[in-house]
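First comes the structure, then the notes that go with it.
The values are calculated or read from the model by the stated rules, or taken from the named source; none is laboratory data. Computed from a prediction, not measured in an experiment: that's the story for all the values here. Positions of Cβ are generated from backbone atoms using ideal geometry, with glycine treated the same way; all protein chains shown enter the neighbour counts. Note: accessible area is taken over every heavy atom of the protein model, side chains too, but ligands, DNA and RNA are not part of it. Shrake-Rupley method; radii C 1.70, N 1.55, O 1.52, S 1.80 Å.
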Amino acid sequence: AQNSALRAAEAAASGVPESEEEQSIGAGAAGLLRWISSWRYFTRSYHGLRAIVLALISSFAYQGPEAQISMVMAQLMLALRSMRPTDDPSVADLICMDCISIVENARNGKSPVLSGKHETITILFPLYLLPDVSPNVAAKLVDMYAHALVSDAPLVRRVSHIALEMILLPIWKPCEEGAYSSETPRVSVEAVAAAREALASILEREGDVLLPKFLQTLSTSHHSMASSADDGQTQRMRGIGAGKEETIVAAALNTLLKGLEWPVSTAGFKAITQGSFTVRHARLTQVLTQVNPAAVFRHLKAPVEEALSKSQDADKPAVAATAEIIAGILASGHFLSRSGEDGRGADAGWVLPALQRGLEGAPLDFLNVWADCVLRFGVNGLKEKMRTDDGGIRVIVDTALSNKPFAESLTGPPSDVYKRVTYVTEILQEVLGDATGKFPEAPVLGQLERQLLSEVLAALPILIETRCDTDMARQAIAGLTADACMVVMTMASVDEPGMIKMSDLKASVDGILDTVYAQFDASAEYLFKMNKDRAVDDDEEKSPNGEAAEIMSDIKRGGDVGDIAAAAADAGVVDAADIDDMSKMIDMTIQTSADQDSSAHVMDVDLSNEEGHALAHVAFVCELTYQFLAGASAETTPLLIRPLRNIMRVLELIPSEAQFVGSTVRLSLRSAKYQPVEPEHIEPMLSCLIESMHGELWTERAAALQFLQYFWFRNAINMGEEGSEKVLKEAMRLLEDSKLEVREMACDTVSGVIRAISAERQATIRAQIVDHAKAVFPDRKRRRLASGDGGARGAAGSKMEHSLQVMHGAVLGLRALVMSSPYEIPKWLPGILMSLVRVGTEKGLVGRTVTECLSDFRRTHDNLDVVKSKLSEEEWEAIRDVAVGVSSYFV
């Protein structure tokens, strides 16, 4: 099989296509190798393994699809079965030398040139055997991989990057004991030392050619960022990178690097997910810098400075590669050295100016590369040194702020301020965060962390007061405020001599939050007084009884004109003589409704300074609340309760010209609904919601009631029966609210809470609701069940005594009882249905509510025979007659 494959390789190199006979032999040999690779003999005997490796490498010259599939499967099985030390280390060296010889012979012209696929498979095999390689072979492997860094084949470069990282893992992992995960091959100390010396020597001899070309290849890997997306180079790169061999490479490399990647989750790193920043490139630069910093600084200075000398929009692939180079240099820690300090004549004086130039010149759409990736990757590499030397991180912070204190750097155009706030936020998150990018429960704060927090807290009042005028800046400042405050509130560090005191930091946080929330309360009060008359509300807010408003609502909702007119006359709202003029009232109402819809939140376009300030404060606190919720810390729950009342109060008071503020308000409220609340905070939260449910504007009451539904559902167990009783009491009160939407929402709330209370309490509530309905409709009966005209006179009398909202509330209470048993028919349910039937012939809103309730009941209950068996024939007929108004659901 091996000899046949070699002949096929020679034929492929000469450009002569394989004959059918050769392809048949190749397919058969490949299939044989596929099955031999799974035999126990070849996984126990590493001399057999060596034969398989040689045969596989040669056989990849076959171009037939069947042979290629068999080769891929053989390689994959071999990769999965051979990731362990060999029984005979000398065989590991032999296999590695076989692979090295194949690559060197191809490069020196002694054998046919290897294709990208062929070379990828060849240099991949030694990675399976790293634990057993000798120092001499490790040095030769490094030579092979170092020259493969500038290959034209992306997969070859990818394997080479990972190989150098793995061979030199203890070099870039400061703590050797934690350098290897359980799945990572552990290279001997002697092999690592030999590999390091070999790579340092290569960089010293060939760095002037190798390193600039390395930067160029990094740039080509970002070809998708180029403006000319489909030139010949791009197509060639895509062609080389395509194929099933990527599955092999991914299977091997993902196993090798398991647990070693940064960040642990890339979900929040847009530049990484979009391919603008490749962590592997930065990591390899870190390795090269730690092996020979002098060569890296000397040979990469010119190409890096050239890439940053022009606009970053001009050549984004080159800038992305440059960012990866700078990130790796920062993570190495050698950027602080000066000529002669490390014994190699390294001069890194150009690194920090290049970093500053990159940060200051970053366009906003490229900011995530410099902030999320370059700064955070560099700080992450320096975190291990922080216990003894935090100067590196401090220098990075100063460079990001143009060598000014944070408060003094917040000048200039809004875009510059936004950049600096973003840079400080990302550095703070990396310094204080754990491996997942989240803040730990009780962060340990050293002097560096306390100093950073102190500077941030000192600058926040100025930022909040003067720089929250744009949506983008406001989000960045709110994020920084939330991060700094959460860390200080949750930190468990003990003061040490010379450190900034924890009590001073907490006092700063308390002062900032007190000021922020005081300004928010004043701003919310200002917006309330200025805009409540123009809020989306209907005429019932100004009507003592609300009957006229309900009739208008019926008209808007498409009610029958004759029924509405009759109801209006019966209620005494309009004179019977005016029924013929009802069409005029309809036209007027519809026009009023259209005007309200088109002019909702209308304000002057030129907002006053005071009003603009108020809007900015409201939007900032809502964004800050959202950021606190994202932190999911128990310490921040009081900070959610504190502004909640005014958030719901101004929900519909934001002018249309500032709808971005309204979106922020809704986002914070929507996120807060799903927040679990600790038992000690349940009572303050419930009191806040009850207070809002007594608000002047119906929008506030509706928002509080909707919030209460989610709050009760998520916290009912901790609230207990007493808390559920408070919820039920307030919801039942709002059944008679002046606003239709609030009443219907209260009905849903009552039906849900009833199901969660005890059976005895349910019986009491049912009796209370039924008795109230009888009091509102004392003599109302179906004609089939009553005699004379007393029923009609009684109905008219009840309307004179009770407003429409009270009558509607009574019916909604009955509806809530029906809805509380959506699929079953308990013994008390037929009686409730008959109570609904008693008022089923009411005109307008009340009658429609009864019909809708019976329709919903029929839709959710299939076993109507049970209901029929519990009613008399007259009662069943009465239910059918009420339901016939729209559709005959009961048959």
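With respect to the conditions (1) under 18 Å from Thr289 (Cα atoms); (2) at pLDDT 85 or above; (3) among the hydrophobic types (A, V, I, L, M, F, W, C), Ile171 lacks only one, and its number is (2). Residue under question is Glu700, and the condition is that it be within 24 Å of Arg670 (Cα to Cα), open to solvent by less than 10 Å² (accessible area, probe 1.4 Å) and of a type in the set (D, E, K, R); does it hold? Judged against the criteria, Glu700 is a match.
Quickly run through the stretch 310-335 and pick out the residues that are among the hydrophobic types (A, V, I, L, M, F, W, C) and farther than 18 Å from Val279 by Cβ. Even if it seems obvious, please write down each step before you answer.
Initially, the stretch 310-335 is screened for residues among the hydrophobic types (A, V, I, L, M, F, W, C), giving 314, 318-321, 323, 325-327, 329-331, 335.
If the condition is that a residue be among the hydrophobic types (A, V, I, L, M, F, W, C) and farther than 18 Å from Val279 by Cβ, then Ala314, Ala318, Phe335 are the ones that fit.
Considering only residues in the stretch 655-675 that are out of contact with any Ser or Thr (no Cβ under 9 Å at 6 or more places or on another chain) and not in a helix (DSSP H, G or I), the one that is surrounded by the most Cβ atoms within 10 Å (Cβ to Cβ) turns out to be Pro655. Examine the stretch 738-761 for a residue that is more than 26 Å from Ser668 (Cα to Cα) and touching a Phe, Trp or Tyr at 6+ places or on another chain (Cβ under 8 Å), and state whether such a residue exists. So far as the stretch 738-761 goes, yes, one or more of its residues are more than 26 Å from Ser668 (Cα to Cα) and touching a Phe, Trp or Tyr at 6+ places or on another chain (Cβ under 8 Å).
How many of the residues in the stretch 313-336 are in a loop (DSSP other than H, G, I, E, B) and either closer than 18 Å to Thr220 by Cβ or touching a residue at least 60 places away in the same chain (Cβ under 8 Å) (or both)? Residues that pass the stated criteria total 2. Restricted to the stretch 86-106, and to residues there that are at pLDDT below 75 and crowded, with 16+ Cβ neighbours inside 10 Å, the residue that is nearest to Ala139 (Cα to Cα) is Pro89. Within the stretch 830-860, track down each residue that is open to solvent by less than 10 Å² (accessible area, probe 1.4 Å) and farther than 17 Å from Leu812 by Cβ. Across the stretch 830-860, the qualifying residue is only Pro830. Glu652 - would you say it is outside any helix (DSSP H, G or I), more than 19 Å from Arg474 (Cα to Cα) and in contact with a Ser or Thr (Cβ under 6 Å, 6 or more places away or on another chain)? Against the criterion (outside any helix (DSSP H, G or I), more than 19 Å from Arg474 (Cα to Cα) and in contact with a Ser or Thr (Cβ under 6 Å, 6 or more places away or on another chain)), Glu652 qualifies.
Taken together, the residues in the stretch 705-747 that are over 20 Å from His681 (Cα atoms) and of a type in the set (Ser, Thr, Tyr) amount to 1. Contact map, the stretch 396-422: residues that are closer than 11 Å to Ala473 by Cα and touching a residue at least 12 places away in the same chain (Cβ under 8 Å) paired with residues that are of a type in the set (Asp, Glu) and in a loop (DSSP other than H, G, I, E, B), Cβ distance under 8 Å, separation 6+ or inter-chain. Pairs shown: Pro414/Asp469. Among the residues making up the stretch 722-745, those that are more than 11 Å from Leu812 (Cβ to Cβ) and of a type in the set (A, V, I, L, M) are Val727, Leu728. Residues that are aromatic (Phe, Trp, Tyr), surrounded by fewer than 23 Cβ atoms within 10 Å (Cβ to Cβ) and over 19 Å from Asn715 (Cα atoms) are absent from the stretch 614-621 altogether.
Restricting attention to the stretch 480-515 and to residues that are in contact with a Pro (Cβ under 9 Å, 6 or more places away or on another chain) and within 24 Å of His613 (Cα to Cα), the residue that is most open to solvent (accessible area, probe 1.4 Å) turns out to be Thr515.
For the stretch 633-643, which positions are touching a residue at least 60 places away in the same chain (Cβ under 8 Å) and of a type outside the set (Lys, Arg)? Break it down stepwise before answering.
If we filter the stretch 633-643 for residues that are touching a residue at least 60 places away in the same chain (Cβ under 8 Å), which is where we start, we get 633, 635-636, 639, 642-643.
Within the stretch 633-643, Ser633, Glu635, Thr636, Leu639, Pro643 meet the criteria.
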